[in-house]
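Engineer: Input: one structure, supplied below.
The values are calculated or read from the model by the stated rules, or taken from the named source; none is laboratory data. This is a predicted model, so every value here is computed, not measured. For neighbour counting, all protein chains shown are included, and Cβ atoms are generated from backbone atoms with ideal geometry for every residue, glycine included.
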């Protein structure tokens, strides 16, 4: 087969494999989020926001420093990546900056709907960061396309294999997250009972 014919077959096939994997990942995130790293991390970030906003005067500096680190990671990705990844990372920075202000507002302390709003924005920032990272990952097969369709196709297949292990969770990680969340809830219940006495 000529290289031109290989271009017509392997490049669309590689992109199709990438697309099918990400459609599967999106479906899994939506309908069974605990089986994905993205879904498990979203749940952890939501719990983190509730924990930080429970006492913003005590946890405010920690919350802002953590969000600053996320903004720095998004900024680094935005400055080193291709245009699409950079644009997506700007949205991530926007949400992180917004949350860094909201997470330290003491008037939100006992208002669950306000805390939910902050948690939603934090997760949006993280989702945009993940999308920017995906766009950056996509640049590797596109770069290898310069050397021909075969390296590009092989890179797509290897990338899907690696992404599967990065994106999915095991029963151990799911149990670990559940255990830490349950322990925190029990500690909070004991603390609230202690304060009420």
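Engineer: Kindly list the number of the only condition in (1) free of Cβ contacts under 8 Å to residues at least 40 places away in the same chain; (2) farther than 30 Å from residue 148 by Cβ; (3) surrounded by fewer than 17 Cβ atoms within 10 Å (Cβ to Cβ) that fails for residue 19.
Structural biologist: Result: residue 19 fails condition (2) only.
Engineer: Restricting attention to the stretch 151-164, which residues are free of Cβ contacts under 8 Å to residues at least 60 places away in the same chain and either in contact with a helix residue (DSSP H, G or I) (Cβ under 6 Å, 6 or more places away or on another chain) or not in a helix (DSSP H, G or I) (or both)? Step through it out loud before you land on a result.
Structural biologist: To start, the set of residues in the stretch 151-164 that are free of Cβ contacts under 8 Å to residues at least 60 places away in the same chain comprises 151, 154, 158, 161-162.
151 - this is the single residue of the stretch 151-164 that is free of Cβ contacts under 8 Å to residues at least 60 places away in the same chain and either in contact with a helix residue (DSSP H, G or I) (Cβ under 6 Å, 6 or more places away or on another chain) or not in a helix (DSSP H, G or I) (or both).
Engineer: Being within 24 Å of residue 176 (Cα to Cα), in contact (Cβ under 8 Å) with a residue 24 or more places away in the chain and surrounded by fewer than 18 Cβ atoms within 10 Å (Cβ to Cβ) is the filter; apply it to the stretch 49-75 and report the residue that is farthest from the chain's Cα centre (by Cα).
Structural biologist: Here the residue is 54.
Engineer: How many residues are under 14 Å from residue 51 (Cα atoms), over 22 Å from the mean Cα position of the chain (by Cα) and either at pLDDT 80 or above or not in a helix (DSSP H, G or I) (or both) if we restrict to the stretch 105-134?
Structural biologist: Adding up the residues that qualify gives 4.
Engineer: So which residues in the stretch 135-150 are touching a helix residue (DSSP H, G or I) at 6+ places or on another chain (Cβ under 8 Å), assigned to a helix (DSSP H, G or I) and surrounded by fewer than 16 Cβ atoms within 10 Å (Cβ to Cβ)?
Structural biologist: Within the stretch 135-150, the subset touching a helix residue (DSSP H, G or I) at 6+ places or on another chain (Cβ under 8 Å) is 135-142, 144-145, 148-150.
From what is left, the residues that are assigned to a helix (DSSP H, G or I) are 135-142, 144-145, 149-150.
Listed by number, the residues that qualify are 139, 140, 142, 150.
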